[in-house]
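Report on one structure; see the data block that follows.
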Amino acid sequence: MYRSHTCGELRESDINTKVTLSGWVQKTRDKGFVVWVDLRDRYGITQLVFDEDRTSSKLLEQARSLGREYVVQVTGEVIERTSKNPNIPTGGIEVLVDEVILLNKSKTPPFTIENETDGGEDLRMKYRYLDIRRNPVKNNLIFRSKVSMEVRKYLSDHSFVEVETPYLIKSTPEGARDFVVPSRMNEGQFYALPQSPQTFKQLLMVGGMDKYFQIVKCFRDEDLRADRQPEFTQIDCEMAFVEQEDILDTFEGLTKHLLKEIKGVEISAFPRITYDDAMRIYGNDKPDIRFGMEFGELNAVTQHKDFGVFNSAELVVGIAVPGGASYTRKELDALVNWVKRPQVGAKGMVYVKYNEDGSFKSTVDKFYDQEDLAKWAKITEAKPGDLICVLSGDANKTRTQLSALRMELAERLGLRNPNEFAPLWVIDFPLLELDEETGNYHAMHHPFTSPKPGQLELLETDPGAVRANAYDLVLNGNEIGGGSIRIHDRDVQSTMFKHLGFTPEEAQAQFGFLMDAFQYGAPPHGGIAFGLDRLVSILGGQETIRDFIAFPKNNSGRDVMIDAPAAIDQEQLHELKLKLDIEA
Ligand code: ASP
């Protein structure tokens, strides 16, 4: 038997018990006549003691020879500590050791296995198995497991069935590139890894499964942005015989369950906002509503004077920054430069100080008087002491820029409190989105999303105006889930493909299996998928999803520990009948 107890378990009530522990040597302290060793496992740390009075000199020598991260099994008696450590649960006791068995040695680890380590990101990724020994990483993985368990519990309590769908499939259009896998047995042919199980879950509804879920890996070959992983995990769900309301209700329930069980937070009904309003009020389809700073549209109160920049703008829009009137000239210049950075892309920024005495001082005093500026303050809901920041130009671009500024300022002002949770539904998304470059429409969610009832005809005349039964669940400025009511009628689905630029032959070749299935009594259905990695990191109060993934890829999509991706040898290429199209 390797252990009778874990290293986090023994208390003063165990004094005088004979115990066996196994774990890693965290550190050794040698005072000459006495040696202490901290033994660590997943559950905690227990102090071992060896001393000249009670320990044989051979054993004392053995204790001295233990290096960091050596794996040992020890047997001894639990005794009371003379100087207790109130900071750890086992701090009242120590184990007086009478036998040490060395289970394995360890090289000196390349970084310290401490909560605050000296190892940089790259090194920790390369030795991820050592990083996992550290509390912060270990605790995140345990936390993730707890969230997954609660998800399974809630969904199975609500009659959902967990069904596995295949990984070797053919393209599913979620808007990214596919990862492909060559088929040895089918020369020249490839599987695609699923970007999501979308078509399969719909087929499960045709199959009568009624309520499906799966905690499932999805694969998307996208240009990596910060904190994106090429493989990630979804809580994927689908229900039959439901309307949008049923789905929102069920998954609001799941989210509440998680917030309550995991964070002890109870939230009443989630607010709902339409996509159009979210864009108008926050410039963003995933608004962070933990704070205000709502957009005030200023066209009507700015375009009557001689200020050309505003007069020629499609949109003039501002936000009030709490307490911003006290910013120094230097701080304000820095803010203007911030919005002018290429990542944000504003041409400039007009600002107004709303002084405590009720007067205004702006960068455009030449054009606007106090009465004008008071109107701006009213619309942006600025109070004395605030700063009004105003951007202008093309409506969509300006909204995006002001949204970036709003988020940045909220961050600086400490308004994005990770312990506060503000979920909301964004509903009534447009069905289609115009690709500015090609001039073509593509599905904003995916091609299986149904238009709102009665809007099918609008596809012919004004495709951009068609709204969908599509919804996102947003938490603290992050989209944590998204889904839609689906098309379940063959003809509607083929009309949809037509509008997305597929020829009937292309649609049949790619999605014939789904449209065929619709002919065999497909029930009305809809669903949603949550991004588990992101959800867990938000619940954990942290920003990066990498910290909640056991073996993540780095920012260039590489696993630096196993060194993947990697070249494959000629023989394997030959077997797959593949020839590489790259210059040697
Ligand atoms: N398959 C969709 C996605 O991955 C989710 C859904 O529509 O249920 O975003």
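The values are calculated or read from the model by the stated rules, or taken from the named source; none is laboratory data. Just so you know, these numbers come straight off a predicted model, no measurement behind them. Note that each Cβ is placed from the backbone with ideal geometry, even for glycine, and that neighbours are counted across all protein chains shown. Calculation scope for accessible area: heavy atoms of the full protein, side chains included, ligands and nucleic acids excluded. Shrake-Rupley method; radii C 1.70, N 1.55, O 1.52, S 1.80 Å.
Here are the numbers for this structure:
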quantity: Residue-level accessible surface for residue 126, protein heavy atoms, 1.4 Å, Å²; calculated: 100
quantity: For the stretch 8-56, alpha-carbon Rg and Dmax in angstrom; calculated: 11.7, 32
quantity: Size of electric dipole in the chain: Cβ of Lys, Arg +1 and of Asp, Glu -1, about Cα centre, debye, nearest 20; calculated: 1640
quantity: Globularity ratio of the stretch 217-261, using Cα Rg and 2.2 N^0.38 Å; calculated: 1.58
quantity: Inter-label distance for residue 189 and residue 378, nm, one decimal - labels placed 7 Å from Cα along Cα-to-Cβ; calculated: 7.0
quantity: Accessible solvent surface per residue of the stretch 24-108, calculated while the other protein chains remain in place, 1.4 angstrom probe, Å²; calculated: 54
quantity: Carbon and sulfur %, accessible surface of the stretch 36-159 computed with the full protein complex present, 1.4 Å; calculated: 48
quantity: Relative contact order [Cα under 8 Å, 6+ residues apart], the stretch 283-323, whole percent; calculated: 43
quantity: Förster radius 41 Å - calculated FRET efficiency between residue 347 and residue 419 (Cβ-Cβ, nearest 0.05); calculated: 0.65
quantity: Per-residue HN-Hα couplings for the stretch 229-244 [Karplus 6.51, -1.76, 1.60; θ = phi - 60°; Hz; x = Gly/Pro]; calculated: 10, x, 10, 8, 10, 10, 9, 9, 9, 8, 9, 9, 6, 10, 9, 3
quantity: Point-to-point label distance, residue 331-residue 550, nm (Cα→Cβ direction, 7 Å offset); calculated: 4.7
quantity: Contact order relative to length of the stretch 468-569, as percent, for alpha carbon pairs under 8 angstrom and 6 or more apart; calculated: 23
quantity: Probe 1.4 Å, all protein chains present, accessible-area order of 386, 223, largest first; calculated: 223, 386
quantity: Estimated dipole of the stretch 1-119 in Debye, rounded to 20 [Cβ of Lys and Arg +1, of Asp and Glu -1, Cα centre]; calculated: 260
quantity: Of all accessible heavy-atom area on the stretch 193-334, the percent that carbon and sulfur account for (1.4 Å); calculated: 47
quantity: Relative contact order (%) - criterion: Cα under 8 Å, at least six apart; region: the chain; calculated: 13
quantity: Backbone N within the stretch 102-118 under 20 Å of label point (7 Å from residue 146 Cα along the Cβ vector); calculated: 115-116
quantity: Loop sites in the stretch 439-483: GluC sites (Glu not before Pro), DSSP, at most 12 other Cβ within 10 Å; calculated: 457
quantity: FRET efficiency for residue 243 and residue 462, using Cβ-Cβ distance with R0 set to 25 Å, rounded to 0.05; calculated: 0.50
quantity: Given 14 as the ceiling on other Cβ atoms within 10 Å, longest exposed-site-free region of the chain for chymotrypsin sites (Phe, Trp or Tyr not before Pro) in DSSP loops; calculated: 242-519
quantity: Debye log10 I(q)/I(0) at q = 0.12, 0.18, 0.20, 0.24 Å⁻¹ for the stretch 96-187, Cα point scatterers; calculated: -0.82, -0.99, -1.01, -1.12
quantity: Extreme residue, positive dipole direction of the chain, given options 140, 166, 234 (C-beta unit charges); calculated: 140
quantity: Solvent-accessible area per residue, Å², over the stretch 450-531 with all protein chains present [probe radius 1.4 Å]; calculated: 40
quantity: Restricting the stretch 257-319 to GluC sites (Glu not before Pro) in coil, as DSSP defines it, with at most 10 other Cβ within 10 Å; calculated: 266
quantity: Equivalent-ellipsoid semi-axes of the stretch 447-584, from the Cα gyration tensor, Å, largest first; calculated: 37, 28, 14
quantity: Stretch gain in nm, segment residue 226-residue 266, where the contour uses 0.36 nm per residue and the Cα spacing is subtracted; calculated: 11.2 nm
quantity: Residue pairs, from the table 153/286; 375/397; 330/361; 353/378, whose Cα atoms sit over 19 Å apart; calculated: 153/286; 375/397
quantity: Computed [θ] at 222 nm, helices only, for the chain once each DSSP H run of length n ≥ 4 contributes -39500 (n - 2.57); calculated: -8000 deg cm²/dmol
quantity: Carbon and sulfur %, accessible surface of the stretch 477-556 computed with the full protein complex present, 1.4 Å; calculated: 50
quantity: The stretch 348-428: trypsin sites (Lys or Arg not before Pro) falling in loop per DSSP and having at most 12 other Cβ within 10 Å; calculated: 366
quantity: Surface accessible to a 1.4 Å probe, residue 326 within the full protein complex, Å²; calculated: 90
quantity: Å² per residue, accessible surface of the stretch 261-354 at 1.4 Å; calculated: 49
quantity: Proportion of all alpha-carbon pairs of the chain beyond 35 Å (%); calculated: 56
quantity: Cα Rg, Dmax (largest Cα-Cα span) when computed across the stretch 462-528, Å; calculated: 14.4, 43
quantity: With Cα atoms, 0 to 90° folded angle of helix 490-499 axis to the chain main axis; calculated: 80
